[in-house]
Amino acid sequence: MSTDGARRHDGPALPATDAEPAMCFDRATLAYGDRVVWSELSMTVPQGEFLAVLGPNGSGKTSLLRALLGLAPLAGGSLDVLGGPPHRGNPDIGYVPQHGGFDRDVPLRGRDLVALGVDGHRWGFGRLSREDRAKVDSALEDVEARPYADVPIGRLSGGEQQRLRIAQALVGNPKLLLCDEPLASLDMRYQQEITDLIGGWSREKGGTVVFVTHDVNPVLGFAHRVVFVVNGRWAAGSPDDVLTSETMSGLYDAPVEVLRVRGRIVVVGESSGAGFDIDEPHHFPEPVGAHH
């Protein structure tokens, strides 16, 4: 299923598509040795769109981000990012890594972490120019983190730390923001706050977002498109196109029921009769081949 011509029945309006696409996968294949992560992926994402990347653990979601960052060369096909081939250190790309805690006694302050987004190749705390310090303050303000900007990051909550990581990714004013499981290990309140921050930045600045997540529900109000990858198979399009019983059953090669319950998506495996997290693959046999 291609993203081109995808339908959308609700949610955010699609941005204008006259500009050059933010990214274009053309029959892209990524492999590590003999293991094919995903095969012949074709997907075009216009600038300003919000793409949710879904799939079970180990299916290649983070590898897709690595390919966009120029860290994982393709085994076949092509990939263009912001008008050119992917390369390391692209200043137009911001990156929010998976959430991980800091040691409680680490001396790094919140603003120091954000400052690494201005000049991350050297440890130059306190030596930023006036202009760069203003950028850091502005980024802290944008994510509402000024109240704890001078607190050691190890003393902050997981949600507060994640706000700082987002500020670090945005301080350089990127065109494309890559987010690798930014909601992991956060409670429901912080999950919604972080999603609103990232989705709000995309809407206000016109930036493109690639958002890896195990649960699509927090981002449904922002996602224009989704791509679901399952060990070589993939489906891409609007949430209404991809998150259907027919498409999911084809991806998993097993009966799957997709239900809408009180505005949330619930995926049910018929063999067990119970709902499950779409990030957990053990309910179904491992699929092989590629799905288009």
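The values are calculated or read from the model by the stated rules, or taken from the named source; none is laboratory data. It should be emphasised that the depicted structure is a prediction, and the values quoted were computed from it without experimental measurement. Here the Cβ is made from the backbone with ideal geometry for all residues, glycine too, and neighbour counts use every protein chain on show.
Where residues in segment 202-256 are of a type in the set (Asp, Glu) and at pLDDT 90 or above, which of them is surrounded by the most Cβ atoms within 10 Å (Cβ to Cβ)?
So in segment 202-256, the residues of a type in the set (Asp, Glu) come out as 204, 215, 240-241, 246, 253.
From what's left, at pLDDT 90 or above: 204, 240-241, 246.
Working: GLU204: 9, ASP240: 15, ASP241: 20, GLU246: 9.
By that ranking, first place goes to ASP241.
Listed here are the residues, each with its yes/no results for (1) assigned by TED's automatic domain parsing to the domain that holds GLU20; (2) among the charged types (D, E, K, R); (3) touching an Asp or Glu at 6+ places or on another chain (Cβ under 9 Å).
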{"position": "VAL151", "(1), (2), (3)": "no, no, yes"}
{"position": "SER157", "(1), (2), (3)": "no, no, no"}
{"position": "GLU160", "(1), (2), (3)": "no, yes, no"}
{"position": "ALA184", "(1), (2), (3)": "yes, no, no"}
{"position": "ARG189", "(1), (2), (3)": "yes, yes, no"}
{"position": "GLY199", "(1), (2), (3)": "yes, no, no"}
{"position": "ARG203", "(1), (2), (3)": "yes, yes, no"}
{"position": "VAL226", "(1), (2), (3)": "yes, no, yes"}
{"position": "VAL229", "(1), (2), (3)": "yes, no, no"}
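Anything in segment 28-87 that is without any contact (Cβ under 8 Å) to a residue 12 or more places away in the chain and among the acidic types (Asp, Glu)? List them, or say none.
Once the filter is applied, which keeps residues that are without any contact (Cβ under 8 Å) to a residue 12 or more places away in the chain and among the acidic types (Asp, Glu), segment 28-87 yields only ASP34.
Here is a yes/no grid of residues against (1) at pLDDT 90 or above; (2) surrounded by 14 or more Cβ atoms within 10 Å (Cβ to Cβ); (3) not in a loop (DSSP other than H, G, I, E, B):
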site: ASN90; (1), (2), (3): yes, yes, no
site: LEU113; (1), (2), (3): yes, yes, yes
site: VAL118; (1), (2), (3): no, yes, no
site: ARG122; (1), (2), (3): no, no, no
site: ARG127; (1), (2), (3): no, no, no
site: ARG133; (1), (2), (3): yes, yes, yes
site: GLN161; (1), (2), (3): yes, yes, yes
